[in-house]
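Enquirer: Take this structure first; my questions come after.
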Amino acid sequence: KQEVTQIPAALSVPEGENLVLNCSFTDSAIYNLQWFRQDPGKGLTSLLLIQSSQREQTSGRLNASLDKSSGRSTLYIAASQPGDSATYLCAVPPLIQGAQKLVFGQGTRLTINP
Amino acid sequence: NAGVMQNPRHLVRRRGQEARLRCSPMKGHSHVYWYRQLPEEGLKFMVYLQKENIIDESGMPKERFSAEFPKEGPSILRIQQVVRGDSAAYFCASSPYSGWQETQYFGPGTRLLVL
C-alpha cells in the first residue's frame, strides 16, 4: 500500500530565503508525482507534475525533483515571498492501485514572515 | 472556462440528517473524483466516476455514503444519517480523460459540519 510522508509538517522562514520541502513515498511504482498548494478554506492548485521518466520540473521560482529509486521528491522555492504562505501537498497515483486515485501526503504548512 | 464548482461551500447538518454535496466539473471534463479531508489529516480518495458510471469506489465508507454522476447535471455525493465523524472538507476534482498523465483540477470544497 502506497504511503506518502511530508517533512516537516510546518515550516516558518523569513522572506527572501530559499527553502526545500520534502516528500517521500514507499512504493516506487508510480506514474508521476504532483505538488499542490492549498490556501486556507480553499481548494488545491496544481503547481508541478513530474512524470516518472523525468527528474525535475521547473515553474518560475519553483523547482521539483523526483528520485524514484529512493522514493523521494523535493520542492525547492527560491526567494520566498509572503504570498507563498500556504500548505503544500505532494501526491502520487500508484501504478498498481490505479491511475485515478491520488495518494496524498499530509502536507507542509509554510509561513513566510515579512 | 470556469473551474470546478462545488456547492454549497459550507453545510451544517444535525446528526441523522442527510447531506447532499454537488460538484460541477470543468467544461469538457467527464471524469470526477471525490476526496475527503478530515480535520488535521490528509486528503483521502473516496470515489471515481465517469458519466453514469462508478469506476472505483474503494475509498467510500460501506454504509451511508453514495455517489452519482448522471448524464445531465452535477455529480452528487450523498451522506445519509450523518454523524459527527462525517465533519470534514469534501473536495471534488475533474479531468478530461482518465489516466496517469492527466492532472486533476480541484474545486474549492464543501465544508460539512455535523452538530
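Enquirer: Of all GluC sites (Glu not before Pro) in segment B:1-53, which ones are in loop regions per DSSP and have a Cβ with at most 11 other Cβ atoms within 10 Å?
Expert: Those that pass, being in a loop and sparsely packed, are B:E18, B:E40, B:E52.
Enquirer: Once the Cα atoms of segment A:12-65 are picked out, what are the Rg and Dmax in Å?
Expert: Cα radius of gyration and Dmax of segment A:12-65 are 13.0, 37 Å respectively.
Enquirer: Consider a paramagnetic label point 7 Å from the Cα of B:I54 along Cα→Cβ; state which residues of segment B:61-100 have an amide N under 11 Å from it.
Expert: Counting only backbone N, you get B:61-69, B:78.
Enquirer: Exposure proxy check: B:K62, A:K42, A:K101, B:K27 ranked by fewest other beta carbons within 10 Å? Mind showing how you got there, number by number?
Expert: Working: B:K62 6, A:K42 15, A:K101 21, B:K27 10.
Going from least to most buried by this count: B:K62, B:K27, A:K42, A:K101.
Enquirer: What is the P(r) of chain A, as percent of Cα-Cα pairs per 10 Å bin from 0?
Expert: The calculated distribution, bin by bin, is 15, 49, 29, 6, 0.
Enquirer: From the gyration tensor of the Cα coordinates in the protein assembly as shown, what semi-axes in whole Å does the equivalent ellipsoid have, largest first, with each one equal to sqrt(5λ)?
Expert: 30, 20, 16
Enquirer: Through the Karplus equation 6.51 cos²θ - 1.76 cosθ + 1.60, θ set to phi - 60°, convert the phi angles of segment A:28-33 into ³J(HN,Hα) values in whole Hz; use x for Gly and Pro.
Expert: Taking θ as phi minus 60°, the curve returns 6, 7, 10, 7, 6, 9 Hz for segment A:28-33.
Enquirer: Which residues' amide hydrogens lie under 5 Å from the amide hydrogen of A:G107, considering only partners 5 or more residues apart or on another chain, with H built in the peptide plane?
Expert: Here A:Q6, A:C90 satisfy the definition.
Enquirer: Moving to a separate point now. Would you order A:K1, B:K51, A:K68 from fewest to most other beta-carbon atoms within 10 Å of each residue's own beta-carbon? Write down the numbers at each step before the final one.
Expert: Working: A:K1 8, B:K51 13, A:K68 18.
Least to most surrounded, the residues fall as A:K1, B:K51, A:K68.
Enquirer: Could you work out how far the C-alpha centroid of segment A:1-58 sits from that of segment B:1-74, in angstrom?
Expert: Computed from Cα coordinates, the inter-centre distance equals 24 Å.
Enquirer: Partner chain Cβ atoms within 10 Å, averaged over the residues of A:100-111 - can you pull that number for me?
Expert: Numbers: counts 16, 10, 9, 4, 7, 2, 5, 4, 0, 0, 0, 0.
Mean partner shielding for this stretch: 5.
Enquirer: Net charge near B:I54: determine it from the other residues with C-beta under 15 Å of the C-beta of B:I54, scoring Lys and Arg +1 and Asp and Glu -1.
Expert: Numbers: positive: A:K101, B:K51, B:K62, B:K71, B:R78; negative: B:E52, B:D56, B:E57, B:E68.
In short, +1.
Enquirer: Over the whole of A:77-84, what's the average partner chain Cβ count within 10 Å per residue? Rounded to a whole number, please. The partial results should precede the final answer.
Expert: Working: counts 0, 0, 0, 0, 0, 0, 0, 0.
That average works out to 0.
Enquirer: Note down the Stokes-Einstein diffusion coefficient of chain B in µm²/s, whole number, using a Kirkwood radius over alpha carbon pairs, 25 °C, and 0.890 mPa s.
Expert: Numbers: Rh = 14.1 Å.
Stokes-Einstein gives a translational diffusion coefficient of 174 µm²/s.
Enquirer: Between B:R22 and A:S59, what is the FRET efficiency for a Förster distance of 22 Å, r being their Cβ-Cβ separation, to the nearest 0.05? If you can, show how the numbers build up before the last one.
Expert: Values: r = 32 Å, r/R0 = 1.44.
With a Förster radius of 22 Å, E is 0.10.
Enquirer: Would you be so kind as to identify which of A:A9, A:V92, A:F36 lies farthest towards the positive end of the dipole of chain A, taking Lys and Arg as +1 and Asp and Glu as -1 on Cβ and the Cα centre as origin?
Expert: Result: A:V92, furthest along the dipole toward the positive end.
Enquirer: Per 5 Å bin, what is the whole-percent P(r) computed from every C-alpha pair distance within segment B:47-107?
Expert: Calculated P(r), rounded to whole percents: 4, 15, 24, 27, 17, 9, 3, 0.
Enquirer: Still on this structure, please answer the following. So which of B:K44/B:K71; A:K1/A:K42; A:K1/B:K44; A:K1/A:K101; A:K101/B:K44 end up more than 18 Å apart, counting from Cα to Cα? Mind dumping the intermediate values first?
Expert: Details: B:K44/B:K71 26 Å; A:K1/A:K42 29 Å; A:K1/B:K44 13 Å; A:K1/A:K101 12 Å; A:K101/B:K44 9 Å.
Pairs exceeding the cut-off: B:K44/B:K71; A:K1/A:K42.
All of the numbers you see were taken from the coordinates with simple rules; none came from a lab. Remember, it's a predicted structure, so these values are computed and weren't measured experimentally. Cβ coordinates were reconstructed from backbone atoms using ideal geometry, including for glycine residues, and neighbour counts include every protein chain displayed.
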